[in-house]
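Notes for the one structure printed next.
The values are calculated or read from the model by the stated rules, or taken from the named source; none is laboratory data. What you see is a predicted model; the values in this text were computed from it and never measured. Cβ atoms come from the backbone with ideal geometry, glycine included; neighbour counts cover every protein chain shown.
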Amino acid sequence: MKRRRRQPTPGEFVDPLSNYEAPDYADDFEQALCEETVDAIDFKPFLKVDESASVLDAMKVMAAENNACVVVVDSDDKPVGIFSERDVVQSVGDDAAELAKVPITDAMTRDPYTVYRTDSPAQVLNLMGSGGFRHVPVVNADGKLLGLIGTRRILRWLSGYFADVASA
Amino acid sequence: MGLRDDILHEPISELALKPLLSVPVGMTVRRVVTAMRRRKMGSAVVMEDGANPVGFFNERLLMHMLVNETGTLDSPVDQVMSDELITLSVHDPIAKLIVTMQERKLRWICVTDDAGRAHSITGCKNLFEYLVDHFPRHVKVRPLRSIMAMEQREGA
């Protein structure tokens, strides 16, 4: 049954936050998931190439910087695709020399999902966990590329909450 | 108990574990890449005598091999593999997986069973799925998109 809200009498002040319940976080990690923003996770530096690059060009940039991913941008600096190490495996055919002739636009993943720098880490994790993405570009309100969040950067942010745990 | 406590105490076996792709010493890189592509996996464990792991090969090693020409697609995988194979027990806590992957700069880790045999892998993808599945209520009830913060002051 739908509950009816009591109508205030004319002139009576009604606090719009009277029904607000402040979140009761179990720990600082849960609070960070909700209340921090993408700014808390490093999203720079990042690599980008333009649409005219070849697959081999992108691989050289990635290998030189030891990065797993490069963002492909258009002339307005808006992300149009992502090329990652996984795409290298998919692109390699019988002859590796052919990679210099394959345009990056043929091998990249088109129209990647993006996040804003004001999004929360939980939203980024939701996108990566549910969508199976390893990298998510960060864009501004105009859709221009600001940075890139990858698994390694998420891990660095996560591990800050488990600093007292010994590694293998 | 919060999410942090879950991560500190729940074992790696709570994550989705994927059977590892094992390839024998001497197999060519071309065949390993074909197997990785077919199984949709980013890495393969190189085994000696069918049971003894001696190293691993992954997408990054393939990319560096092709760019730096340290090998060809017809090279034996054991010539271009990495012999630094990190393993964790299926009973280790998930927090140990996070810290180990961060410190060793890994995306995947080989998981061993009770007898110490490498039998599966798990990594960032499975970890993120776990986190999303275990998000507390406060996370789940948040709006999907935030309100964009203005980057410049409004004029006038």
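Worth pointing out:
- Members of region A:62-80 that are on the phi > 0 side of the Ramachandran plot and free of Cβ contacts under 8 Å to residues at least 40 places away in the same chain: A:66
- Selection count, region A:92-150, where residues are within 30 Å of residue B:74 (Cα to Cα) and at pLDDT 90 or above: 9
- Just one residue in the set B:8, B:66 is in a helix (DSSP H, G or I) and under 20 Å from the mean Cα position of the chain (by Cα); that residue is B:8.
- Filtering A:100, A:166, A:96, A:141 for residues that are under 30 Å from residue B:34 (Cβ atoms) and surrounded by fewer than 16 Cβ atoms within 10 Å (Cβ to Cβ) leaves a single hit, A:100.
- Counting the residues of region A:131-152 that are closer than 21 Å to residue B:104 by Cα, more than 9 Å from chain B (Cβ to nearest Cβ) and basic (Lys, Arg) gives 0.
- Residue B:40 meets the conditions (1) within 23 Å of residue B:131 (Cα to Cα); (2) surrounded by fewer than 21 Cβ atoms within 10 Å (Cβ to Cβ); (3) in contact (Cβ under 8 Å) with a residue 60 or more places away in the chain; (4) within 17 Å of the chain's Cα centre (by Cα) in every case but one. The failed one is (3).
- Checking A:40, A:68, A:64 one by one, the residue that is under 19 Å from residue A:114 (Cβ atoms), among the hydrophobic types (A, V, I, L, M, F, W, C) and surrounded by fewer than 16 Cβ atoms within 10 Å (Cβ to Cβ) is A:40 and no other.
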